[in-house]
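For reference, the structure is listed below as structure tokens.
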Amino acid sequence: MIITKRVIVTLPLLIFLLFICAPSDNAFWEVFTARVDLSKKIRFDLEEQVRINNDYSNVNNLISEAALSYELTKQIKAKSSFRYYYNPGSFNRFRYTVDLAYEYSKKGFPLNLQYRGRFQHTVEQYTRDFSNYIRNKFSAEYKLSKLVDPYFAYESYFRLNYVNRFTVNRYYAGLTWRVSNNIDFETFFLYESEFGERNPNSSKIIGLNLIVDLEF
């Protein structure tokens, strides 16, 4: 059991070290998420993001998102969201998503395993150009302690219009800290790379996410 703990706890660090030397852009994401339960099965989320890229020198996107999720069963959840991107140097965008997620968690089993499938439709505000994606994400979170849980994840992007192929891969490693009963703090590293390109663009992203559960 001790060996298993060491392997799972150090895996996010190994993923970080694996990609840290790859030539790529450096970016920083700062996120604030507020969540409120409207009922036992329905939850509303409001999220604000600031994304900085070009080696931490340029504000790339300011993002606002509203989402509504519904618990179909204890293991299956559906979610829909609307996101607005404000891009100071380009066209602003709207994004609509529909998610279906399955989570496996068992007493005595040290991992929370999750699969999330997402359909994503994004439209540029002025040109009306659009893109459609299917995004598949596989996550594993290790139940380490009452204070912190490490996790890692892999996500693929499959573009439906124009190219009909996989275009982007994402690799995540992070820690979820429990600050209090209704506040979590997430720190993560994300490596994103284009797939199927001769000279793929890639980004190394450091992120912070403050998550607050509101009660009324």
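Tabulated data for the structure shown
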quantity: Residue match in region 136-148 (condition: in contact with a Phe, Trp or Tyr (Cβ under 6 Å, 6 or more places away or on another chain), β-branched (Val, Ile, Thr), assigned to a strand (DSSP E or B) and closer than 20 Å to residue 184 by Cα); calculated: yes
quantity: Search result, residues across region 111-143 that are over 30 Å from residue 92 (Cβ atoms), surrounded by 15 or more Cβ atoms within 10 Å (Cβ to Cβ) and either out of contact with any strand residue (DSSP E or B) (no Cβ under 6 Å at 6 or more places or on another chain) or of a type in the set (Phe, Trp, Tyr) (or both); calculated: 142
quantity: Qualifying residue in region 152-175 (condition: surrounded by 15 or more Cβ atoms within 10 Å (Cβ to Cβ) and β-branched (Val, Ile, Thr)); calculated: yes
quantity: Residue ID - nearest to residue 128 (Cα to Cα), chosen from residues in region 97-110 that are assigned to a strand (DSSP E or B) and among the hydroxyl-bearing types (Ser, Thr, Tyr); calculated: 97
quantity: Residue that is nearest to residue 27 (Cα to Cα), among those in region 146-205 that are modelled with pLDDT of 95 or more and among the acidic types (Asp, Glu); calculated: 192
quantity: Those residues of region 97-111 which are modelled with pLDDT of 95 or more and more than 26 Å from residue 63 (Cα to Cα), in sequence order; calculated: 102, 103, 104
quantity: Close pairs from region 199-216: first outside any strand (DSSP E or B), partner among the acidic types (Asp, Glu), Cβ under 7 Å, at least 6 apart; calculated: 200/194; 201/194
quantity: Any chance residue 158 is under 28 Å from residue 40 (Cβ atoms) and outside any loop (DSSP other than H, G, I, E, B); calculated: no
quantity: Meets criteria (hydroxyl-bearing (Ser, Thr, Tyr) and in contact (Cβ under 8 Å) with a residue 12 or more places away in the chain) for residue 73; calculated: no
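The values are calculated or read from the model by the stated rules, or taken from the named source; none is laboratory data. As the structure is a computational prediction, the values presented were derived from the model and not from experiment. Backbone-built Cβ (ideal geometry, glycine too); neighbour counts: all protein chains shown.
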